[in-house]
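The values are calculated or read from the model by the stated rules, or taken from the named source; none is laboratory data. Everything quoted here is computed from the prediction, not taken from an experiment. Glycine also receives a Cβ, built like all others from the backbone with ideal geometry; neighbour counts cover every protein chain displayed.
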Amino acid sequence: MYTNHKSALYVVAMLKAQGIKHIVISPGTSHNAMVRSIDEDSFFQTYSVTDERSAAFFAIGIAQELQAPVAIMCTSGTATCNYISAVTEAYHRNIPLIVITADKHPYFLNQLEDLMINQPPMFKNITKYAVSLPEEIHNDRDDWYCRRLLNEAFLEMNHHGTGPIHINVPISYGMFALGDTFTTNELPLINIVQRLDYQTTAQTWKKIFDSARSKRILILCGQNISFSDEMTDLLDKISKGFNCVLAHDSLANLHCERALEIEKAQPITDAMQPDVVISLDGSVVTNLKYYLKAQNPSIEHWLVHEKGTLADPYRKLKYVIESSSLNFLRIMADFAQAGASDEYYQLCKARIDRFQLPELPYSSCYACKNALEAIPPHSMLHLGNSSTIRIAQFFTHDSSVRVFCNRGVHGIDGCMSSFIGQAAVSDRLSFLFLGDLTFFYDLNALWNKYVRNNVRILLFNNGGASMFYYNTRGLQNFPSLDRNAAAGHISSARGWVESRGFTYLSAASQEEFDANLPLFTAEQSDTPILFEVFTDKDTDAKAWHDISDFNLPPVRKGFGIKTKIKNLIRDTLKN
């Protein structure tokens, strides 16, 4: 029987799944949950060496002879310090040593706890990777986090050369197994994340793509790609050579035959669920990622990342593909076969083709839609974060317009500065659409001498961060929403931008907006232009929800109405 302590159990399961047979153990009690579980499994070959310093060097000898990774394991406290000299040797000789140290609960650090020192950073300068696992696993998120940390560590052990890794395992109980139980019948299955790179053989790639050929493949194209003609041709070939959908948002700037604007397929139904998701380069602005995170764990996620860094946003990662997007697409295209099923593409395309817009009231949605459609060809467009980037996904613009947004960490603090910097070195007509909070936060972006006459800024001003009002169900009971979350205000940009030499336009109605839009999008101007559009935040929120509700399937629409009625009754009773 194995331990019931989840983190300890996962360590043992990962060792076995990775084929780590040889383990050198030094005596103690804090690591008892792992030691007893290892003793119960005939797969492992264990060696008991009392002196931790000697034990670690003993393991180096085994690793040298077998040319294979070896694990060492000890109790908590200063016992771990005795590993340092051997781990240093392993680090400088590129020997794959797996250093496993038991620990106490991190809450007790510096609280006069027996056998407890600050272990997690102890080997950080002499290992390729170090992790400290969660002491307690209460839910699926904790479970995923623990498994992910183990995968991160083992992936780095052989990444760009071999070397030691450190896994710290906090276990509150250890002394004579007090509080621990050993009633787990078998080790859990551990999803081992594999790294594929330039060393991956053609036979391995063939096996992978042959397996994927019968599956629905969703390729998510992120914002960090600059699509060359070659990449576009490769994507076209792949989309026709596999049962495949190329999904993108406006930031991908992808224009090829079978590319689909996936946000217009919302809500994603179970019938549209993919079997394989391949992520290319960066963030995607779509609710699809929340759907994928919640769905069937049988979905495979392949992450294409030039640095080979493990990122598991959907909690279903199978492969980290260390490659540029271009090189990966070249490999995948070699395995594309003419006449492949297009069932998945046709299903998603039919859903997107049904997307329609309701008649929009004067609002930020109305202004964004009409301004996007009016942008001259071959312009450059920056979108502010939060509400602006999300609104823009519903609408279309000329395919020659290049779109950008600071989506690396989704912050609002430098959107306008990034735009001004790009416009300063571009000959294109340059547009920025952003909300009021984003604008005022980055006001000093206009306080320099590099603002050129090609600059056009569309400012949505509804007196606060409108995104917080879109999520009415989550924030409707927030008593200080306007003051402490949405930063309500009564400011206008007029005085500041006119002092900076801008031509200032404004609108507070649909008629004023329609009249000023041609002036705003004019290609020739002796000054930069800012167009401030004043709207009502409640109307903005309603327009946003109207677009989403308008495209719900009939059953979901009915559900939405019932939900709204329930919310209305509840709010009435509260008041």
>> Looking at L573, L481 in this structure, which one is modelled with pLDDT under 55 and surrounded by 14 or more Cβ atoms within 10 Å (Cβ to Cβ)?
In response: L481
> If you go through segment 44-52 one residue at a time, do you hit one that is under 39 Å from the mean Cα position of the chain (by Cα) and surrounded by 15 or more Cβ atoms within 10 Å (Cβ to Cβ)?
Replying inline: yes
> Which of the residues that make up segment 497-550 are assigned to a helix (DSSP H, G or I) and among the small types (G, A, S)?
Replying inline: S499, A515, A541, A543, S548
> Right, I208: surrounded by 18 or more Cβ atoms within 10 Å (Cβ to Cβ), within 30 Å of Q337 (Cβ to Cβ) and modelled with pLDDT of 95 or more or not?
Replying inline: yes
> E89 versus (1) in a helix (DSSP H, G or I); (2) in contact with an Asp or Glu (Cβ under 9 Å, 6 or more places away or on another chain); (3) surrounded by fewer than 20 Cβ atoms within 10 Å (Cβ to Cβ): which is the lone unmet condition?
Replying inline: (2)
>> Checking the conditions here, which among V401, V409, V425 is under 18 Å from V284 (Cβ atoms) and aliphatic (A, V, I, L, M)?
In response: V409
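Can you tell me which residues in segment 255-294 are assigned to a strand (DSSP E or B) and more than 12 Å from the chain's Cα centre (by Cα)?
A259, L260, E261, V276, V277, I278 - these are the residues of segment 255-294 that are assigned to a strand (DSSP E or B) and more than 12 Å from the chain's Cα centre (by Cα).
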> What single numbered condition from (1) of a type in the set (G, A, S); (2) closer than 24 Å to T200 by Cα; (3) out of contact with any Asp or Glu (no Cβ under 9 Å at 6 or more places or on another chain) fails to hold for A130?
Replying inline: (2)
> For segment 333-354, which residues satisfy the criterion of being exposed (fewer than 14 other Cβ atoms within 10 Å of the Cβ) and among the basic types (K, R)?
Replying inline: R354
> Of everything in segment 58-84 that's more than 20 Å from Y129 (Cβ to Cβ) and of a type in the set (S, T, Y), which residue is surrounded by the fewest Cβ atoms within 10 Å (Cβ to Cβ)?
Replying inline: T78
> Mind checking whether some residue in segment 33-50 is part of a helix (DSSP H, G or I), over 15 Å from A8 (Cα atoms) and assigned by TED's automatic domain parsing to the domain that holds P106?
Replying inline: no
>> Please go through segment 57-106 and give me each residue that is over 12 Å from H22 (Cα atoms) and of a type in the set (A, V, I, L, M), ordered by number.
In response: A79, I84, A86, V87, A90, I95, V99, I100, A102
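One line per residue, one yes/no per condition, for (1) out of contact with any Ser or Thr (no Cβ under 8 Å at 6 or more places or on another chain); (2) of a type in the set (F, W, Y):
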| position | (1), (2) |
| --- | --- |
| Y91 | no, yes |
| L97 | yes, no |
| K104 | no, no |
| L109 | yes, no |
| E113 | yes, no |
| M116 | no, no |
| I126 | no, no |
> Are any residues in segment 513-538 under 31 Å from the mean Cα position of the chain (by Cα) and either of a type in the set (S, T, N, Q) or surrounded by fewer than 18 Cβ atoms within 10 Å (Cβ to Cβ) (or both), and if so, which ones?
Replying inline: D538
> M1 passes all but one of (1) among the hydrophobic types (A, V, I, L, M, F, W, C); (2) within 22 Å of H105 (Cβ to Cβ); (3) not assigned by TED's automatic domain parsing to the domain that holds N185; which number fails?
Replying inline: (2)
>> For the structure I just gave you, tell me whether S30 is in contact with a Ser or Thr (Cβ under 8 Å, 6 or more places away or on another chain) and either in contact (Cβ under 8 Å) with a residue 40 or more places away in the chain or not assigned by TED's automatic domain parsing to the domain that holds F182 (or both).
In response: yes
>> Against the condition in contact (Cβ under 8 Å) with a residue 40 or more places away in the chain and more than 34 Å from the chain's Cα centre (by Cα), how does I98 come out, does it pass?
In response: no
> Only one of (1) at pLDDT below 55; (2) closer than 19 Å to Y441 by Cβ; (3) surrounded by fewer than 16 Cβ atoms within 10 Å (Cβ to Cβ); (4) of a type in the set (A, V, I, L, M, F, W, C) fails for A486. Which number is that?
Replying inline: (3)
>> For segment 305-332, give me each residue that is part of a helix (DSSP H, G or I), at pLDDT 95 or above and buried (at least 20 other Cβ atoms within 10 Å of the Cβ).
In response: F328, L329, M332
> Under the condition of being of a type in the set (S, T, N, Q), touching a residue at least 24 places away in the same chain (Cβ under 8 Å) and not in a loop (DSSP other than H, G, I, E, B), which residue from segment 211-254 is surrounded by the fewest Cβ atoms within 10 Å (Cβ to Cβ)?
Replying inline: T232
> Does segment 121-136 hold any residues that are surrounded by fewer than 17 Cβ atoms within 10 Å (Cβ to Cβ) and farther than 25 Å from N4 by Cβ, and which are they?
Replying inline: P121, K124, N125
> Since N118 meets every condition but one in (1) free of Cβ contacts under 8 Å to residues at least 12 places away in the same chain; (2) surrounded by 20 or more Cβ atoms within 10 Å (Cβ to Cβ), which condition does it not meet?
Replying inline: (2)
